[in-house]
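A short write-up of the structure that comes next.
The values are calculated or read from the model by the stated rules, or taken from the named source; none is laboratory data. What you see is a predicted model; the values in this text were computed from it and never measured. Ideal geometry is used to build each Cβ from the backbone, glycine not excepted, and the neighbour counts take in all protein chains shown. Surface accessibility is based on the protein's heavy atoms, side chains included, excluding ligands, DNA and RNA. Shrake-Rupley method; radii C 1.70, N 1.55, O 1.52, S 1.80 Å.
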Amino acid sequence: MPFEQAFRVSALFLAASALTGLVLTGSVPMWLASVTGGLLVLSFVSAWGISIPWTPWSRIPTHLRVPDYLLIGTFLLFLLDLAAISRELLSAGIHFLVALMAIKLLTLTDRKDFRHLYAISLMAVLASAALTTEVWYIPIFVLYLLGAVWTLLLYHLTGDAAAPEAEVQAEARIANDSRPRLTSRFFWLTNGIALATFALALVMFFLLPRIGAGLLQKSRGEGLRTTGFSDRVDLGTIGSVKQDPQIVMRVQLTEGRSGPDRLYLRGLAYDRYNGRSWMTSHMRRRNLTTLGEGTYVTNSRAGDDSARLIYQDILLEPLDTAVLFAVPFPESITGDLPGLQSDGMAGLFLPFPTSSRIRYSVASRPASIVESEKLGVASDYPRAVAERYLQLPELSQRLASLVEQVTRQTSTPYEQVIAVHHHLLTSYRYSLDVDNASSLHPLEDFLFVRKTGYCEHYATAMVMMLRAVGIPARLVTGFLATEWNEFGGYFTVRQRDAHAWVEVFFPRSGWVTFDPTPTTEAASTVSFWDSVSHVNESLRLYWDRVFVHYSARDQVAVLQGIKESGDAVTERTARWLAALKATIAGVIPAIGVWVESSAEAGRGLLLMFAGVGSCLVVMIVAAKWRRSHGPQRRAHRHQVRIASFYRRMVKVLAAKGFNKPPSLTPSEFCRTVQKEWSEAGRMISVLTDLYHRGRFGGQALTADELSEAERLLRELSRAARH
């Protein structure tokens, strides 16, 4: 391909990649994208040397200033768009930018027109970067970078921009076979430059943390619409989104899949019910204290301080609510947040809804009932709790009779809670096909007429029944995460996972979670497309964490890791050089005496250099041999081997029905299995003892001990099969 032709094609390729990025963000109207895309296709066809009988720009008279008139008209439309249609600088600017690209494609003749097209393409790529955080931007940016390298290189190879005559001659030489052409060597050299440029861009990327560009940010209030997280929630609100698959957040636990299978993500709590709606009686919020570096402390504690903390890393999509979600009950929150507030019921709030994704980490301590409180006959509730969480609307006699019937056989508050919880789980059917619009008493219709409903009906019924017997309770809305992404190792939370449950107050345990809604049977099989979707979601999460939210704190962590690695390499090199210097210092004096006594000085000098080289080779080989055959290496190999034996033993026992929980130590697991399978007790005990000594004893096991472990493992496998 001739240089002049490649010059045109590369410029159009640059514009096409930039336009594709804008179109994929959804910010360009379809008619404008179609017109500009059509002009790009015609320009490509013309640049490849294919004759077109009619093109729009061929009909423009050269003596008229049509391009100037088009520019003036486009600018007037931009002002109209900004003032009355889009009413936003970024959207109107993008429309204006695409229109400029279309005009430039109509008048792409002089080299200055190509320079204008380069500038427009650059602004388009920057605009698409400001509008999206999706993974698809990676190939768009790579294609744009590749086209930019080719375009700038060919621009300088095809002539001087200051010589119009040369431009005309270059256009006239399109059909001349003697002009410079692209070769395979030039092609691969240019692509190598592009790859090197991309590598340099990655280095710059990780050296510079992400910062917000206020001018290019979208206006607030454009987040995903959610329900059930306002100051007032009507009975039946959450059920309206139970079929919506839109993703709300992704939650990763530090303990991975070994954590809970169902994850409650708490949003808001409500304390007042008027028969049809739930409300919050106290709207006052307080600003949470910060410990620096974006860490906020809630000062909320569960009843049992010994409960294990649950650490979550949450990526929250832009929502139309300022509520922040977390596993109950959060003790600390860390993230690049504009601020954090809390209400009187442990709800978390941002100062305002954001229009971009938020990433934050939470440490939560789940509440659990203190064992001694399960046996307490009477509970002395604080006055503030009793006044706020025992409120009841006017109850019918039927509801009072139902409460008395359900709790008749109970003697403690805990037994009453369990009785009401069990009654709702077993006596009613879960269904989303419920219409509350025409019901004056939706709770009584659920309990006595339909006997079917969804989470809000169950949670409301449990709160009202517990308050009727004098137990403080409140309704909580949030999300119940059950969809596990096995590729990314996190929970995917969707709109349809919106949920309501109950928190019951115990004087010493605090607020404890109860969910009276029956679980629905979900499909156990995962289809091929589900797996593809999970892979795509995990890539999007990785993209957001590593690239979009790469902060100054992440930059410091990366640099610290590089520094530690460099220090380790420097230390090892210094030790090796010191040993080499000591060896040479001991060898050189002896060589000097031998050289002086030698009649053939030249030959001796040659032998000296050969000897030094041989010593270096021997030292390097010896060092490698020691690393691969020394005591530490042998001990490491034995550790790996005995650890492999132990893993095989655990696998054999799992097939037998003895699964090892992560919380059990090897010794505890050994004793547990011995109680139920005494025949294999000796083999398991010996294998566990060998594992302890080989893995943590600091000394390598003997060959006989390893052989004994392998023999015992074979016997255990035979015993498990028979």
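Things to note:
- Shape category assigned to region 250-368 from the gyration tensor of Cα positions, a/c cut at 1.5: rounded
- With DNA, RNA and ligands ignored, accessible area of Ser342 (1.4 Å probe; Å², nearest 10): 10 Å²
- Using a probe of 1.4 Å, the accessible surface attributed to Leu440 totals some 130 Å² when neighbouring protein chains are kept in position.
- Förster radius 45 Å - calculated FRET efficiency between Asn659 and Val297 (Cβ-Cβ, nearest 0.05): 0.75
- Heavy-atom SASA rank of Arg408, Arg693 (probe 1.4 Å, accessible area, largest first): Arg408, Arg693
- Estimated at 0.36 nm per residue, the fully extended path between Ile418 and Arg718 surpasses their Cα-Cα distance by 103.4 nm.
- Separation between Cα centres of region 413-431 and region 321-376, rounded to whole Å: 27 Å
- Potential lengthening between Asp336 and Lys675 on full extension [0.36 nm per residue; Cα-Cα distance subtracted]: 116.9 nm
- Region 413-465 - percent of accessible surface contributed by carbon and sulfur, probe 1.4 Å: 52 percent
- Our estimate of slack between Asp343 and Tyr430, defined as 0.36 nm per intervening residue step minus the Cα-Cα distance, is 28.2 nm.
- The simple Förster model, with R0 at 35 Å and r as the Cβ-Cβ distance, assigns Arg693 and Gln409 a FRET efficiency of 0.05.
- Förster-model FRET efficiency, 35 Å R0, Phe448 and Thr519, C-beta, rounded to 0.05: 0.90
- Pair Trp48, Ser281: separation of 7 Å Cα→Cβ label points (nm): 7.5 nm
- Highest-first packing order for the peptide set 414-425, 27-38 is 414-425, 27-38, based on the mean count of other beta carbon atoms within 10 Å.
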